[in-house]
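Read the structure below first, then the notes.
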Amino acid sequence: MVDRKDQQAARKSVLMHACTAYGADPRRWPPAARRWLDEAVEGGDAELAKARQEARELDRLLDVAGAPRVPAGAAERAVAAILSGEAQGSDMVSVDFSSQTARGRGGIGIAPLCSAAALAAALVLGIYFGASGLGDRFIPSSAASTNVANSDYDIVNHVLADLQEDMG
Amino acid sequence: MPEGGAAGPDRQGLLAADSDAAELLAALAAGDRSAFARITRAHYDLVYRIAWRMLGGSGDAEDVAQDVFLRLWRNAGQVRQAGSLRAWLARVATNLAIDRLRRRRPDEVSELPELVDPGPGPDRQAERRAAGEIVSAAIAGLPERQRVAMVLTYYEELPNAEVAEVLGVSVEAVESLLARARRKLKEALEPDRQEILSSLD
């Protein structure tokens, strides 16, 4: 039998988590959290009340962003352009939001492969410059590696952005 | 009420559209122009708003929205296989908006569209608009996945299961993204907090 205290603690944890993720308005919360909210409010939990208050303050700020007014007739213009064949569309680069998740689940994801490819290229060039003596004509080998890395600037920055997001 | 989400401003219309979506999508896949027009009209506002928020409040939103529905017209068979039409539209809208942002030159400035409910007088409108721009900029400054999670969950109030489908992650991962996004936004908005709140008075 589940101890009542443990059950209350578990429910409080769910409610705190809901506040942190969804904000103070229980309409956005998962159904289980919504069901337990009244009981928790009646219980007068101070920590939960504080979390909701802080979430409410942030919600007030976020709500200031407002909603855009959809231009009148925009839907009809889109339909007309598309069905008449006038609409051309863009060359979208597909964004794979799940690439980091694959890494977290034990998959490798594409970002580490790009990073590994850049490092491998740097190693090959470093060995080439060193073995051939060409490196002596330039600034030291660490800078040669930097030059190779700079040529993969976009890949490195994508990797750094991924790492930053994970750490954020 | 949908699982894990609240009712948005045009939720009733969307639900009505979803209930006969299977028939409409079948007709669309067969090249039915009137089915396409109905689906577009039912979901256009949602797609526009998603594009607008992902672009940081930008006049490009109409272009992006049109592109979304163009892809729907060209790929109707794919949508039937993808499951939820709304999640498919949201995913394409966020992808296209992010792609446009990545291609945007640093000096490119887009005209901001009019906001709903401007307020009582011109001065208050200007204050409110300025405050709104601060918040929109903070959202635009989030990492991409956190921004998608916030736009779809907080502003568009899509069920968390649909948001998870858009991002290709679990519901738990969506909640983690939301918590991180809210923490980042709180930090980003702290310096301007008083100015933003005073615009509400």
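Read-outs: derived from the displayed coordinates by stated rules, not from any lab. Here the structure is a predicted model, which means the values were calculated and not measured.
Computed 3J(HN,Hα) for segment B:88-104, one whole-Hz value per residue from the Karplus formula 6.51 cos²θ - 1.76 cosθ + 1.60 where θ = phi - 60°, is 4, 4, 5, 5, 5, 4, 5, 4, 5, 5, 5, 4, 5, 5, 5, 8, 5, glycine and proline marked x.
Taking a straight Cα-Cα cut-off under 30 Å and skipping sequence neighbours fewer than 8 places away in the same chain, the lysines within cross-link reach of A:LYS5 are A:LYS50.
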